[in-house]
Amino acid sequence: MKYQQIGKSGLITSNLTLGTMIFGENSSRSTPEKEAIRIIDHYLAQGGNHIDTADVYAEGRSEEIIGKALHKKRKDVILSTKVRFSNSKKPNNNGLSRLHIIDGVNASLKRLKTDYIDLLYVHCWDPLTPIEETVRVLEDLIRSGKVRYIGISNFKAWQLMKALGLCSLLNTNSFIAGQYQYSLVKRDIEYEFFDLFESEGIGLLPWGPLGGGFLTGKYDKSKPKNGRISSSPNQNEESWDRRNTNKNWNILDVVKKIALKHNATPTQISIAWLLSKKVIPSVILGVRTFEQLEDNLGANRIEFSENEIQILNDVSKLPELYPYRLIEVYGNRQL
């Protein structure tokens, strides 16, 4: 395992973070508690120090399993969770209001069996609550000791910059991390967020590094009958219709060729490509089984040549958009 600081903070994370979204889910594709605890124990034994969850994962069961698994190991782990959504239909059990954030954090602390959250993410923009209210309550939670660092997820670039501006204006602690979908088959955030993260000192911790399993190489061009992709509705980011494109199949072909050269799996190549990005201190692994974790951890042994990175960059290159192409061509100015 390798270690990096998150953004401009002093918080040090292992470069592979254990994601736990399906731990305890009520479905055939979930990770049952016993297997989840085995995965957590092995991840920590391999030098991992960062576990990521959310209050809505498996309706809170994910947090409960983590709380049971960590027990005496809590002090050695960066524990991150999220607040915004709800498993309830009650009107105040949602959003980024003072009421819901405080209630949500207290509930997470109880499920996680801990006194503090190392890194709390606001899970998505709330169009109803003034962002100033959100920023102030996050500062209150930090001052109370219940939260140590804050992060942001699924905000637009202007929304994130507005939040950062308010942190500066109000002289509060600011966001150090951003969680966004990012992989060889989903590079959209590069248009706006990479420059933003580098400029503002925010570390990107990408989720969905394998495109919902597409980059594992286990699928062919016929629609799969099993797996998360097969059961995801079209509105989901990782649905089959979003992955089944000629460009994505071309990307996968290149990934497989490079994997053969390194005696590696397509999974390991796809994760290693993410780790080559300067703005990424850690990649969130979405494993379901112990075997998948072992495979994912193997990404750390991959060392690309500059040519291989360029090949992967080129085959997955984003389409040209204005004004980004114009800025790239004409916007540089050197003395």
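The values are calculated or read from the model by the stated rules, or taken from the named source; none is laboratory data. Every value quoted in this text rests on a predicted model; they were computed, and no experiment measured them. Neighbour counts run over all protein chains shown; Cβ positions are idealised from the backbone, glycine included. Calculation scope for accessible area: heavy atoms of the full protein, side chains included, ligands and nucleic acids excluded. Shrake-Rupley method; radii C 1.70, N 1.55, O 1.52, S 1.80 Å.
The residues of segment 14-59 that are of a type outside the set (Gly, Ala, Ser), assigned to a helix (DSSP H, G or I) and either farther than 13 Å from ARG288 by Cα or open to solvent by less than 10 Å² (accessible area, probe 1.4 Å) (or both), listed by number, are ILE39, ILE40, ASP41, HIS42, TYR43, LEU44, TYR57, GLU59. Of all positions in segment 111-133, none carries a residue that is touching a Cys at 6+ places or on another chain (Cβ under 8 Å) and at pLDDT 95 or above.
Scanning segment 72-84 for residues that are surrounded by fewer than 18 Cβ atoms within 10 Å (Cβ to Cβ) and touching a residue at least 24 places away in the same chain (Cβ under 8 Å) yields LYS73, ARG74, ASP76. The number of residues in segment 85-105 being open to solvent by less than 60 Å² (accessible area, probe 1.4 Å) and without any contact (Cβ under 8 Å) to a residue 24 or more places away in the chain comes to 3.
The single condition from (1) in contact with a helix residue (DSSP H, G or I) (Cβ under 6 Å, 6 or more places away or on another chain); (2) of a type in the set (A, V, I, L, M, F, W, C); (3) closer than 27 Å to LEU204 by Cβ; (4) open to solvent by 10 Å² or more (accessible area, probe 1.4 Å) that LEU11 fails is (1).
Considering PRO224, PRO209, the condition of being in contact with a Ser or Thr (Cβ under 8 Å, 6 or more places away or on another chain) and either of a type in the set (Phe, Trp, Tyr) or at pLDDT 95 or above (or both) is satisfied by PRO209 alone. Being outside any helix (DSSP H, G or I) and of a type in the set (Gly, Ala, Ser) is the filter; apply it to segment 60-97 and report the residue that is farthest from GLU35 (Cα to Cα). Going through the qualifying residues, I end up with SER97. Within segment 252-273, residues that are under 23 Å from ARG288 (Cα atoms) have Cβ atoms under 9 Å from residues that are of a type in the set (D, E, K, R) and at pLDDT below 95 in these pairs: PRO266/LYS218, counting only partners at least 6 apart in sequence or on another chain. Exactly one residue out of LEU285, LEU293 is under 23 Å from the mean Cα position of the chain (by Cα), surrounded by 15 or more Cβ atoms within 10 Å (Cβ to Cβ) and more than 15 Å from TYR182 (Cβ to Cβ): that is LEU293. For segment 163-192, enumerate the residues that are over 14 Å from the mean Cα position of the chain (by Cα) and surrounded by 16 or more Cβ atoms within 10 Å (Cβ to Cβ). Listed by number, the residues that qualify are ALA163, LEU164, LEU166, CYS167, THR172, ASN173, SER174, PHE175, LEU184, VAL185. For segment 174-201, the tally of residues that are in contact (Cβ under 8 Å) with a residue 60 or more places away in the chain, assigned to a strand (DSSP E or B) and small (Gly, Ala, Ser) stands at 2. Restricting attention to segment 106-121, the residues that are open to solvent by 10 Å² or more (accessible area, probe 1.4 Å) and within 16 Å of HIS50 (Cβ to Cβ) add up to 3. The residues on offer are ASN263, ASN234, and the sole one that is surrounded by fewer than 13 Cβ atoms within 10 Å (Cβ to Cβ), modelled with pLDDT of 90 or more and not in a helix (DSSP H, G or I) is ASN263. Of all residues being in contact (Cβ under 8 Å) with a residue 40 or more places away in the chain and over 16 Å from the mean Cα position of the chain (by Cα) in segment 13-32, which is farthest from GLN46 (Cα to Cα)? Just the residue, please. Taking the candidates together, the pick is ARG29.
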